[in-house]
Each structure stands twice: as C-alpha cells, then as structure tokens.
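Trainee: Mind having a look at this structure? Questions to follow.
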Amino acid sequence: MLLFGCAAPASTDKAWDCHTHSVCGEAGSHVLYGWAKDAPAMHLPPGVGFRVGQGTGTQVLVLQVHYTHMRPPGDASGVRLRLTDAALPFSAGMMMYASYFQIPPRAPSHHVPVRCCYSGFEPARGFAYRVHTHALGRSVFMDRLEGAADAHTRLVEHSPQLPQGFTPIGDLAFWPGDRLEATCDFNSSTREEATMAGSTHHHEMCNLYMMMWSELPVFMTCSGAGVHGDEPSINPSGAGGLPAEAHGAPEHAAAWAPPAMGQVAGVARGHNGSVWAFHRAERVWGPGSFDVDDRFTEEQPISEAVMVELDQDTGEVVQSWGADYFYMPHMVTVDNAGYVWTTDVGLHTACKFSPAGERVLCLGVPLEPGHDERHLCKPTQVAVANNGNVFVADGYCNARVVEYTPEGTYLGEFSLPAEAGGPMIVPHSVVLEECERALFVADREGAHVHRFSLINRAIEGTWDLTEHGLPYALAVGPYGALLALTWQRNAGGGVNLVRLDRQRPGPAGVVWVMPLPGVEAPHDLAVVAAPVRLAGKERPVAVLVAETRAAGSRLHKFILLPQGESLPPLGAGEQPPPAREAWQGVLAARAADAAALAAEEVATGTTRSAVEALRAAGVDLGVAQDAAALGADAAAAAAGAGAAGALHSAGTAVPDDGHAGGHEGHVAPAGAGGHLAHSGGGAGGGARGADGRDRVRLGAGRALLLGAPLLAAATLVALGLWRLAGPNPPAYEALRAKAHASPTRLP
C-alpha cells in the first residue's frame, strides 16, 4: 500500500482501478507512507507530522493498494487515520529514489544506481526508510558520496525480500549539498532475457524511500541514471518551499523582541532553534575608522559581548560572548558542526569559535592588512563547505574569495577576470550551493552577483542587479533558492529581497522582487523557518535582516507569505513559545529512546533492529520456540509496545505487494490545515464507508496520524527489520530462519 498526498485525485470515484497511472490529478503529489504484508509498524518521532488540508499542498489523501491477484470481494484493506490539534514543531518529508533501467540476463549481480543531491536549506534527519524491488532484488542501499573521487560511505542497507515496511533508524543527518546515491543490486541468473523496469511481477522496480524530519518539509523524487548533476523532481513553491509570489509581513513586535544592540552587522541561522547576531555595541564605522593603508585607527577592542545567540522564534537571549576581542564586527556564519565563524574588518581576520566562544582558528594576521596567502584585508564573510573547506570573501580592499583547508592552509582564490568585467569592487557576501557545485559572490559596489565553479574556480555567470539595488547579502533558501538582500542606497533607499534562479544568470534569472518595508541600512540576511505558531498550514519561511544604522539599528524579521495572505494577529496576552523548547523536547525524547534501545541491546544480546521491531510490533515472544534466548527484558518491552508514545492507531492487513494483480486507489478528502503522522498498533475496526474504506476528513487546524497495519503473524512482523552492520546473534537468526520457513510467508 502506498499513501499519496495530492492536490487533487486522478478520479472522483471513491475507489477505482488505477493500473499503473498516477493516482493524483495535479503536479506536486507526494508519497507519505508505504507498507507491504508482514512489515512492522513504525512511529514518527515526537513532535513530527505531515501537514495536510486547507492551506497545504495535500488537499486529498489517496491510498493505492497493490494486489497479487485481483481485489477480492469485500476486501477492507487500508490504514486508519487520526487527527491531532497540536501545532507540531517539525515536519516529516520524503526523499524518494526511483529509476528506469534494464537488467541483462544471467547476471548474478547487476547494480542500478540513482543519484541526486539533498537540496534543503536546513539539515534534515532521516529516521526511517523503505526499500522495494520485485523478485530479482538482492539488496538496496544508500551511500553518501564525498570528495572529488566520490568516495562512498554506506548509510543504510536492506534486503527487499524481507517484509517491506519502513525500517526505523537513528537520526541520520543530511546536510544541504549532500550527494546521495541509492543502488539496487539485482540477480538475474535465472532469466534468459533482459528484464525491464515496470509495474508487473514480470518486470522489476528499484525504489528507496527515506523519511526525514526538519522544521520545513522536504519532498524530492530522484530518478536519474546515476550521473552527477541529475536534478531531483521538486515543487519549489510547494510544501517547504517559497511562494511563487510573495510579500514580506513584519513579525509582530510582541512575538519578536530581540534586545537592543549596536550596528547589527551579521546574522546567521544556528542549530536547534537559535540564531546568531553579531553587532558593534557603541562602535560605529565612520570616515575616520581606517587610515590610508587600511589599518584600523581604534587601539582597543570593544569591551562588550557582541556575539549574541538568540531564540529563533522569540529573540530571547540565550547567551553572549566576545567581549574585549573584536574591533569592527562584520558578518557571522554557523557551519554544520555548530562552530561560529566571524569576520572582523578591523582585525583583518576570519575566525572560528566554539558555540561557547572559545577561539579555535583564525585566518589572516591580526591588525595587519595584506594581499597574500597569509593576510586578509577587511574580510567580509565566510562560507564553509560540507568537507570543511573554508571560503573567505576578501573583501573591501582585496577583490577575491580565498579558499582554505579545514586546518587553514591556503588552497587558492576566486577572482573575476577582466573579460568578465573584473575585478570585483567589494565582494561583500559569499554562499555555497553544493548541489550545483557553485560559489555565489555578491559584489556589492559592482551591483552584481557572480556564480563561480567549485571545480575549477571559473566564472559561470552573472546577475546585474543595478535595477533592484546593491546586493549586500546572499542566502540560500528552500530547495536551493538563491536570495539577495539589495539596497537602492543612491536611489531613494528602497530595500528588497530578490529571488534569483541559480541556474539562469542574466536578466531572465530574476524570479521576483519583494520590498522589505521599514528597513534602513540593511547589511546581512538569514533564512529560517517561521515561528511554530504559524504551523497550522504549510509552515512559512522567514527572513532576518540586520541593520547597520548609525543609531537605532534593529534585527528585523519578515514572514514570507503568498500574495493575498496576511499574518494572523496575536491573541490578547499570547506569548509564543520559544523555538528552543520544541527542539530540546524532541532531541531529549530521541536521546532517551536511543538510550533505552541501547540498554535493551546490552540486556538481551540482540540487535537494535530486532529490539525496535519487537517494541513497535507488540510481539508475544511466547509464540517462538527460541523466545527465551532473547531475554525477559525484550519480551517485557514487546508486551508494552502500545505505550511507546501517545499517538497510536491501527489498521488492517493487506495482500502482499506483488504487482501482478490489480492496483486500486482510495480517496479521502482533507479539510483545513493540520498534520499527518505515522503511528503503530494492532488490527482494528473503525468507521468505514460503504465500500469498506476508512474515511477521515481533516478538521480545522488539526493533524492527521497514520497507523501502520500489522498482521497476527507476530514473528514475521518482528523480523521485518535488518541489522545495518555486523552479524546478527544466533537467537535472531534462528527466528528469521523460522520466518522464512513458515508456510504463511509469500515468496
């Protein structure tokens, strides 16, 4: 069974024979869940769900059921759906890999790779995955590709001949720009003719579904042939994306109240619900701040703590540091590991700090401007690649971007050749888009944004933003959207957020221009998720804009809404919850669950996968002759599986995912916005329509919970999970052998 979220169904019937056609009638459909006979249940992490209903991309839910034979009369296969009123702080999403291929005959091992790049703007955490092939599949696995040589690091692997449900895993971090490859290994030794990709049992399929959670959802379909550069299929204006036509609504002052600061030169999205602001306290950059040799004229550093960590939703101060070190703060960047990178135009350095403010590394020579491999001159911003390489925009007096190793060794530099209009005047902002293998540089005083290749440092294209203002800052948003903060400094002072098509340099590459009212002297830009109180529909994107006014600088927040929508008012006395509370609660729950699983592994001698299957499935180990070998603790955990989380639902068993018979779609309309989440349970009844299908309408501001079906054959359910690495203990292997020998198991 596959559950799809659709904008509209392909048929108006409640149930229809869909054959191999799409079940959705419009673009933007997503696979939300998949299950096949004998597979175990799964649970979404706490605080995570799929947003569905009014104001979201999922207006209708369609359940597609694949039968080995034609659908039997009176069949009532399905899943049960439940709603929650909670505004869940995190969204579930999916990376789906599929491929079109041909398998040669008599090949004991034939690999079909499918490769694409994770294009979210924030890290996503994979928590469960599902694989699917037909009879020839031996194994399906996912690798992360690293370095110029595409070194493979195995992330997950599963046998498609085991029950095909979602396999839970510990949070597996995917970073923007991660290159990921799913591969199906087929054995066609018994075939005398080539086997083609297709939907029937005589054909083959190659699928891997990775379910992830993040603040904003990510839905990607990857179907390339394994060549780098294959573009995933996405809807850039769909769930988790930017509106096709947007306006910026200033956040309510009662909801966003950061402290008073000096000139706010830098702002960056941090980790786990925080943002970082880098300000100048009482110091102001004026005409006499530097001498003719670009040396800073102030002799003492700023005495105040100018690096401030704030709550992402409320602006409350989490911590501050940096007193008596910085001279003229400029911009701030947070890397994948949480380290905070700063540029200081007075010190002429770019430095790396721990989140607590401990200095780890500095590039450049303090207080000495220069133009060589050791020196920097008024550097402006840092970007850090997934491999740790550091890119420094250098800056007000050097027209280059310098690349270093993670340890600070000079590697080379990016500069604009004369034939492309070079040199740059002030490379003021720099961002990476590693899916494109591109470096983007905002030449502020040149009014241009340049795209360079990360492979050979060559210029690949330019956007002229003179019409819209000088580009002060760049940021990468959802699905790799490139955003520029511009200021018409010499033509009326208008401030804009400009969305650029990163693949189309030139005039045609400007997607939209959005005014930002109330901003004066803009300097930096950060993209974050909108506050969780706005998560009743699709959670919007927000941008933070830092100002460097001589007095009264602010850190502005704008919510990016579709044209025609307005920001809901705050209720009387309403105090929005801090974002960090939601993060701390979910991370603590995940840590506690991991600790419990680890303790059970030690107590029982079994694998994590087996124990998690036992807990999720509610297995009575007494049905297995060798149950005692797994230990009393595992049996107790399995007996109490129904207590694992507060959100539970049930479903009925369905025939095996054989594809030789019929394919049917069943539809349930979605109401006003809410969440959809998965949860496990046993077989159950519930309200059904006349055709035996579960019917659920989504109420206003609610969330939908999906229950994975379970079979009475508990042993088979329990063994649907496969250990990621290393041998399985004898007790587990004995149970698995019994499952394979069971006459109730389908081939």
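The values are calculated or read from the model by the stated rules, or taken from the named source; none is laboratory data. As the structure is a prediction and not an experimental result, all values here were calculated from the model. Here the Cβ is made from the backbone with ideal geometry for all residues, glycine too, and neighbour counts use every protein chain on show. Heads up: the accessible areas ignore ligands, DNA and RNA and are worked out on the full protein's heavy atoms, side chains in. Shrake-Rupley method; radii C 1.70, N 1.55, O 1.52, S 1.80 Å.
Trainee: Among (1) modelled with pLDDT under 90; (2) in contact with a Cys (Cβ under 8 Å, 6 or more places away or on another chain), which single condition is Y100 missing?
Mentor: Unmet for Y100, out of (1) modelled with pLDDT under 90; (2) in contact with a Cys (Cβ under 8 Å, 6 or more places away or on another chain): (2).
Trainee: So, in the range 507-520, how many residues would count as being over 12 Å from H247 (Cα atoms), in contact (Cβ under 8 Å) with a residue 40 or more places away in the chain and surrounded by 15 or more Cβ atoms within 10 Å (Cβ to Cβ)?
Mentor: The number of residues fulfilling the criteria is 2.
Trainee: Mind listing whichever residues of the range 484-530 are touching a helix residue (DSSP H, G or I) at 6+ places or on another chain (Cβ under 7 Å) and either over 18 Å from L432 (Cβ atoms) or among the basic types (K, R) (or both)?
Mentor: Residue satisfying the conditions is R502 alone.
Trainee: Now for a separate question. Here's a check for you: in the range 494-505, which residue that is of a type outside the set (K, R) and in a loop (DSSP other than H, G, I, E, B) is least open to solvent (accessible area, probe 1.4 Å)?
Mentor: Among residues in the range 494-505 that are of a type outside the set (K, R) and in a loop (DSSP other than H, G, I, E, B), the one least open to solvent (accessible area, probe 1.4 Å) is G494.
Trainee: Step by step: first the residues of the range 5-38, then only those that are among the aromatic types (F, W, Y) and out of contact with any Leu (no Cβ under 7 Å at 6 or more places or on another chain), then the one that is surrounded by the fewest Cβ atoms within 10 Å (Cβ to Cβ). Which residue is that?
Mentor: W16
Trainee: Ok, one more. Out of all the residues in the range 149-172, is one or more under 22 Å from Y479 (Cα atoms) and among the acidic types (D, E)?
Mentor: Yes, there is a match, as at least one residue in the range 149-172 is under 22 Å from Y479 (Cα atoms) and among the acidic types (D, E).
Trainee: Suppose we filter R295, R280, R269 for residues that are at pLDDT 95 or above, open to solvent by 50 Å² or more (accessible area, probe 1.4 Å) and over 20 Å from the mean Cα position of the chain (by Cα); which single one remains?
Mentor: That would be R295, the only listed residue that is at pLDDT 95 or above, open to solvent by 50 Å² or more (accessible area, probe 1.4 Å) and over 20 Å from the mean Cα position of the chain (by Cα).
Trainee: Looking only at residues that are open to solvent by 50 Å² or more (accessible area, probe 1.4 Å) and assigned to a strand (DSSP E or B) in the range 165-220, which one is modelled with the lowest pLDDT?
Mentor: My answer is D171.
Trainee: Still on this structure, please answer the following. Please determine whether any residue of the range 432-451 is surrounded by 23 or more Cβ atoms within 10 Å (Cβ to Cβ), under 25 Å from the mean Cα position of the chain (by Cα) and within 30 Å of P569 (Cβ to Cβ).
Mentor: For the range 432-451, residues surrounded by 23 or more Cβ atoms within 10 Å (Cβ to Cβ), under 25 Å from the mean Cα position of the chain (by Cα) and within 30 Å of P569 (Cβ to Cβ): absent.
Trainee: Still on this structure, please answer the following. What number of residues in the range 97-134 are hydroxyl-bearing (S, T, Y) and either on the phi > 0 side of the Ramachandran plot or open to solvent by 20 Å² or more (accessible area, probe 1.4 Å) (or both)?
Mentor: Total meeting the criteria: 2.
Trainee: Still on this structure: In this structure, is H468 open to solvent by less than 40 Å² (accessible area, probe 1.4 Å), touching a strand residue (DSSP E or B) at 6+ places or on another chain (Cβ under 8 Å), assigned to a loop (DSSP other than H, G, I, E, B) and touching a residue at least 12 places away in the same chain (Cβ under 8 Å)?
Mentor: yes
Trainee: Mind listing whichever residues of the range 1-22 are part of a loop (DSSP other than H, G, I, E, B), of a type outside the set (G, A, S) and touching a His at 6+ places or on another chain (Cβ under 9 Å)?
Mentor: Scanning the range 1-22 gives M1, K14, C18, H19, T20, H21.
Trainee: Which residue is least open to solvent (accessible area, probe 1.4 Å), if the candidates are limited to the range 58-89 and must be touching a Cys at 6+ places or on another chain (Cβ under 9 Å) and not in a strand (DSSP E or B)?
Mentor: T58
Trainee: With the checklist (1) touching a Leu at 6+ places or on another chain (Cβ under 7 Å); (2) β-branched (V, I, T); (3) assigned to a loop (DSSP other than H, G, I, E, B) in hand, flag the one item V267 doesn't pass.
Mentor: Looking at each condition in turn, V267 falls short on (3).
Trainee: Ok, one more. If I filter the range 383-401 for residues that are open to solvent by 10 Å² or more (accessible area, probe 1.4 Å), in contact (Cβ under 8 Å) with a residue 60 or more places away in the chain, touching a Gly at 6+ places or on another chain (Cβ under 6 Å) and of a type outside the set (S, T, Y), do I get at least one hit?
Mentor: Within the range 383-401, one or more residues are open to solvent by 10 Å² or more (accessible area, probe 1.4 Å), in contact (Cβ under 8 Å) with a residue 60 or more places away in the chain, touching a Gly at 6+ places or on another chain (Cβ under 6 Å) and of a type outside the set (S, T, Y).
Trainee: Taking the residues in the range 399-435 that are of a type in the set (S, T, Y) and in a strand (DSSP E or B) as candidates, determine which candidate is nearest to V545 (Cα to Cα).
Mentor: S429
Trainee: Restricting the search to the range 328-348, which residues are of a type outside the set (A, V, I, L, M, F, W, C) and either surrounded by fewer than 22 Cβ atoms within 10 Å (Cβ to Cβ) or part of a strand (DSSP E or B) (or both)?
Mentor: Within the range 328-348, P329, H330, T333, D335, N336, G338, Y339, T342, T343, D344 qualify.
Every residue, every condition in (1) of a type in the set (V, I, T); (2) under 17 Å from the mean Cα position of the chain (by Cα), yes or no:
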{"position": "H110", "(1), (2)": "no, no"}
{"position": "S139", "(1), (2)": "no, no"}
{"position": "E157", "(1), (2)": "no, no"}
{"position": "I169", "(1), (2)": "yes, yes"}
{"position": "D178", "(1), (2)": "no, yes"}
{"position": "M212", "(1), (2)": "no, yes"}
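Trainee: Would you mention how many residues in the range 551-563 are at pLDDT below 90 and in contact with a His (Cβ under 9 Å, 6 or more places away or on another chain)?
Mentor: So the answer is 1.
Trainee: Another question, then. Can you tell me how many residues within the range 39-57 are part of a loop (DSSP other than H, G, I, E, B), open to solvent by less than 10 Å² (accessible area, probe 1.4 Å) and small (G, A, S)?
Mentor: 3
Trainee: Can I ask one more? Is there any pair linking a residue in the range 493-506 that is without any contact (Cβ under 8 Å) to a residue 12 or more places away in the chain and farther than 9 Å from G461 by Cα to one that is outside any loop (DSSP other than H, G, I, E, B) and hydroxyl-bearing (S, T, Y), with Cβ under 7 Å and at least six apart or on different chains, and which?
Mentor: Listed pairs, sorted by first residue: none to list.
Trainee: Which one of P104, P89, P108 is in contact (Cβ under 8 Å) with a residue 12 or more places away in the chain and touching a His at 6+ places or on another chain (Cβ under 7 Å)?
Mentor: Checking each option against the conditions leaves just P104.
Trainee: For the range 298-312, enumerate the residues that are at pLDDT below 95 and within 30 Å of P176 (Cα to Cα).
Mentor: none
Trainee: Separate question: Only one of (1) in contact with a strand residue (DSSP E or B) (Cβ under 8 Å, 6 or more places away or on another chain); (2) assigned to a loop (DSSP other than H, G, I, E, B); (3) within 17 Å of H348 (Cα to Cα) fails for F278. Which number is that?
Mentor: Condition (2) is where F278 drops out.
Okay, residues lined up against (1) part of a strand (DSSP E or B); (2) under 30 Å from Q59 (Cβ atoms); (3) under 22 Å from the mean Cα position of the chain (by Cα); (4) not polar (S, T, N, Q):
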| site | (1), (2), (3), (4) |
| --- | --- |
| G492 | no, no, no, yes |
| H523 | yes, no, no, yes |
| A526 | yes, no, yes, yes |
| R533 | no, yes, yes, yes |
| I559 | yes, yes, yes, yes |
